[in-house]
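Remarks on the structure that follows.
The values are calculated or read from the model by the stated rules, or taken from the named source; none is laboratory data. Everything numeric in this text was worked out from a predicted model, so none of it was measured. Note that each Cβ is placed from the backbone with ideal geometry, even for glycine, and that neighbours are counted across all protein chains shown. The protein model used for the area step is the full one, side chains on, heavy atoms only, and it has no ligands, DNA or RNA in it. Shrake-Rupley method; radii C 1.70, N 1.55, O 1.52, S 1.80 Å.
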Amino acid sequence: MKERIEELVKEIEAFNISCPDELEQFRLKYLSKKGEVSVLFEGFRNVPPEAKRETGQLLNNLKQLATDKYNAEKERLSMAETVSTTTDLTMPAYPFGEGTRHPISIIRNEIIDIFSRIGFTVSEGPEIEDDNHVFSMLNFAADHPARDMQDTFFIEKKSGTESDPHDVLLRTHTSSVQVRVMENTQPPIRTICPGRVFRNEAVSARAHCIFHQVEGLYVAENVSFADLKQALLYFAAELFGKDVKIRLRPSFFPFTEPSAEMDINCNICEGKGCNVCKGTGWLELLGCGMVDPNVLEACGIDSVKYSGYAFGLGIERAAMLKYGVNDLRLYFENDIRFLYQFRTEIL
Ligand code: DAH
C-alpha cells in the first residue's frame, strides 16, 4: 500500500487542471466515493497492525494533498472566470472626475484653521431657534425691525405680530450660538461658531435667503477693544495675505457696545476706487464689537468681572472677496464649471 500511496502523491502533484472540466475529472478520480483515495481507505482494513500507524498517517496526508489541490484550483479558476480573457489589464483606466471642495467649505475650513491656531474652539447650535436666543437675549428691542416677518422666517408665532421669546424661527445669524455657549460655559470662552443662517430676502446677486456665517466670541477678564483689533488684523492677514489693510468704522449692533464694522482694502483696484468698492477703495467684511454687558448678564456671566469681544462675518462674502466672485447665486447653483475652478484647493 505504501508504494501505491507514493505513486498517487506523484500523480496528484502532476495532475494538470486548466478548466472546470479537468477540475471535475480530478475530483472524480481522487476524491469521490469511488475514487482512488477512498479505495485505499477501504484497503486499510487489511494492513497488518504493526504498519497501521505509519500507513494511516500517509493515507491522511494523501487525502489532505488532494483536497488542498482541489480547493486551490477551484478558487484559481473562479477568479480567472471574472477576468475575461479579452480584458487587457495593462490598458489605462477610464478617467473620472475627482470632484472639488465647494468654495464655501474651503473658506469655512480656512477660517476655522486660522482661529484654531490662536486657541479658538468650534461651537455649533441649532438652525431652528427661538426668539430668545436669536433676539431677546442679544438685547434686541421688542420693536427691532429684524424681528419683523419681512426679515425672519417664523415657524411658530405665539401671538400675531407681537414678538414673544418663545416664537420658533430659523436663526437669522449665528450670534444665537454665542448665547448658547455663554449660557452653558463660564469664562474664559474663546470660540467660533460657523453655520447656516436664513433671512426672508428675495434672491439676487447680492442677497440670498440662505447663507453661512462665522461668529467669533472671546470672553475673559480684561478683554479690550485692542485685543479685538489685533485678532481681526491677524485673521485678515491670514485669509487675504499679509499686505492686507483693515479699517474699523463705528457702527451699531444691539448686542455689542461699542460696535464697529471692519473693511479690508479693495484688492481689485488696490485702493484707487472701482465699481466693486464703489469708489471707496474699501470692502466691508464683518461686524464686531465689545459684548454688551446686558448680553453677558442675560447669559449668567458676571459683567463686572468679565468683558468680551464678538464678531460675525458672512462666509459667502469672504469667499466673494477672496476669489472675486460677483454673484451670490453661483454658490448655490452647483454649476460644475464654477465649482471646478476651485479644484486646486486642497483643504
Ligand atoms: N450678527 C450680525 C449679523 O448677522 C453680525 C455680527 C456683528 C456678529 C457684530 C457679531 C458682532 O458677533 O459683534 O449681521
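Would you tally the net charge around Asp148, using a Cβ to Cβ cut-off of less than 15 Å, leaving Asp148 out, and scoring K and R as +1, D and E as -1?
-4
Rounded to the nearest 500 deg cm²/dmol, what is the calculated helix-only ellipticity per residue at 222 nm for the chain, with -39500 (n - 2.57) per DSSP H run of length n ≥ 4?
It comes out at -11000 deg cm²/dmol, rounded to the nearest 500.
Along the charge dipole of the chain, pointing to its positive end and built from +1/-1 on Cβ of Lys, Arg, Asp and Glu, which listed residue (Phe153, Ser32, Ala142) has its Cα farthest out?
Value: Ser32.
Counting trypsin sites (Lys or Arg not before Pro) as exposed when in a DSSP loop with at most 10 other beta carbons within 10 Å, what is the longest stretch of the chain free of them?
In short, 118-241.
Provide, as a two-decimal number, the C-alpha radius of gyration of the chain over 2.2 N^0.38 Å, N being how many residues it has.
1.83
Among Cys274, Cys19, Cys299, which one shows the biggest mean-square fluctuation in a GNM of the chain, springs joining Cα atoms closer than 10 Å?
Cys19
If the reach is capped at under 16 angstrom between alpha carbons, list the lysines near Lys2, excluding any in the same chain fewer than eight residues apart.
Partners within reach: Lys10, Lys52, Lys63.
Select from Val181, Val39, Val276 the residue whose mean-square fluctuation is largest in a Gaussian network model of the chain (Cα-Cα springs shorter than 10 Å).
Val39
Just tell me which lysines come within less than 16 Å, Cα to Cα, of Lys272; anything on the same chain fewer than 8 places away is out.
Within the straight-line limit of under 16 Å, Lys272 reaches these lysines: Lys245.
In what order, largest first, do Met149, Met262 sit by accessible area if the probe radius is 1.4 Å?
Sorted by accessible area, descending: Met149, Met262.
From the cross-link list Lys157/Lys229; Lys157/Lys305; Lys34/Lys74; Lys278/Lys305; Lys157/Lys322, which pairs have alpha carbons spaced over 32 Å apart?
Where the Cα-Cα span goes over 32 Å, the pairs concerned are Lys157/Lys229; Lys157/Lys305; Lys278/Lys305; Lys157/Lys322.
Given springs between every Cα pair under 10 Å in a Gaussian network model of the chain, which of Glu215, Glu316, Glu73 has the largest fluctuation?
Its mean-square fluctuation being the largest, the pick is Glu73.
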